[in-house]
1. Pairs please, first residue from the stretch 155-173 and on the phi > 0 side of the Ramachandran plot, second anywhere and surrounded by 15 or more Cβ atoms within 10 Å (Cβ to Cβ) and assigned to a loop (DSSP other than H, G, I, E, B), Cβ atoms under 7 Å, 6+ apart in sequence or on different chains.
2. Which residues, taken from the stretch 60-76, are outside any helix (DSSP H, G or I) and either on the phi > 0 side of the Ramachandran plot or surrounded by fewer than 19 Cβ atoms within 10 Å (Cβ to Cβ) (or both)?
3. When both residues are 6+ apart or on different chains and their Cβ atoms are under 7 Å apart, which pairs have a first residue that lies in the stretch 30-50 and is touching a residue at least 60 places away in the same chain (Cβ under 8 Å) and within 15 Å of residue 262 (Cα to Cα), and a second that is within 6 Å of the ligand (Cβ to nearest atom) and part of a loop (DSSP other than H, G, I, E, B)?
4. Mind listing whichever residues of the stretch 86-95 are over 19 Å from the mean Cα position of the chain (by Cα) and part of a helix (DSSP H, G or I)?
5. Could you check how many residues of the stretch 176-193 are over 20 Å from the mean Cα position of the chain (by Cα), over 14 Å from residue 82 (Cα atoms) and either touching a residue at least 12 places away in the same chain (Cβ under 8 Å) or part of a helix (DSSP H, G or I) (or both)?
6. Quick check, is residue 116 more than 15 Å from residue 141 (Cβ to Cβ) and without any contact (Cβ under 8 Å) to a residue 60 or more places away in the chain?
7. Can you work out which of the residues in the stretch 98-136 that are more than 14 Å from the chain's Cα centre (by Cα) and buried (at least 19 other Cβ atoms within 10 Å of the Cβ) is nearest to the ligand (Cβ to nearest atom)?
8. Collect the residues in the stretch 73-83 that are more than 16 Å from the ligand (Cβ to nearest atom) and in contact with a strand residue (DSSP E or B) (Cβ under 7 Å, 6 or more places away or on another chain), keeping them in residue-number order.
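The values are calculated or read from the model by the stated rules, or taken from the named source; none is laboratory data. Computed from a predicted structure; not experimentally measured. Cβ placement follows ideal geometry from the backbone for every residue including glycine, while neighbour counts extend to all protein chains displayed.
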Ligand code: SF4
């Protein structure tokens with residue numbers, strides 16, 4: 001297993017076991033939980049990384065945390081979340097079976113729409129989640145996640161309920177766009193459409209995994225040996241340690257949240 005830096009989020013090469021993927025998912029969560037890469041860091045209360053089964057076949061990707069999620073730190077815990085739970089139960093699933101995330105991990109103020117720069121800045125985290133959870137099917141909830149993961153500007157009204165295979169990173173997955181459950185809270189007639197789309201999920205999950213890209217398409221980044229420290233640098237570092245100066249690494253560790261499955265909402 002090799003972990004390499006790539007645009008701020010580690011790239012994982014050759015990960016094989018569910019246990020390793022789960023631990024690496026926690027590492028990505030730890031990085032995201034103190035993220036300040038976009039302006040939303042200034043107004044959020046909590047980074048809502050996502051929660052659920054770290055080894056799920058089914059992932060849901062919504063838009064961004066709302067006020068409840070921003071306070072609680074977990075996705076879909078308001079009214080729309082309760083409706084999502086109900087729709088899952090109707091097709092024989094529950095939260096513990098799926099992983100739920102959003103395009104943005106931080107709440108846009110006043111629940112405004114995500115901005116393109118925010119989506120572009122945050123999307124590495126989502127791609128990493130997909131890479132580590134290895135879902136078979138990704139339900140995109142609403143316009144923002146559908147456009148991002150289909151890499152196409154077509155709106156949800158034209159593509160909902162129509163599964164398509166897409167390659168995300170190193171993995172081919174079935175993308176299944178559906179309306180965001182919040183839409184049914186405002187337009188009750190939408191509930192029938194949502195139910196009809198949800199009814200397709202058991203068959204999609206029972207279908208074989210889409211053919212995966214050839215391994216040679218993906219070229220692992222070679223490991224780079226660290227440069228040996230010069231004697232002068234070593235001496236300076238030793239002198240600082242003796243004088244009790246704080247080490248940069250120690251400071252980061254103190255600020256980073258403790259990782260626990262409960263905090264992350266992992267099953
Ligand atoms: S929205 Fe994403 S990129 Fe922006 S601060 Fe939050 S975690 Fe970082």
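1. 161/200
2. 73, 76
3. Filtered contacts from the stretch 30-50: 33/47; 49/105.
4. Those that are over 19 Å from the mean Cα position of the chain (by Cα) and part of a helix (DSSP H, G or I): 86, 87, 88, 89, 90.
5. 4
6. yes
7. If we filter the stretch 98-136 for residues that are more than 14 Å from the chain's Cα centre (by Cα), which is where we start, we get 107-118, 136.
Right, trim to buried (at least 19 other Cβ atoms within 10 Å of the Cβ) and you get 107-108, 114, 118, 136.
On the way: 107: 9, 108: 8, 114: 8, 118: 6, 136: 26 Å.
This residue is 118.
8. 76
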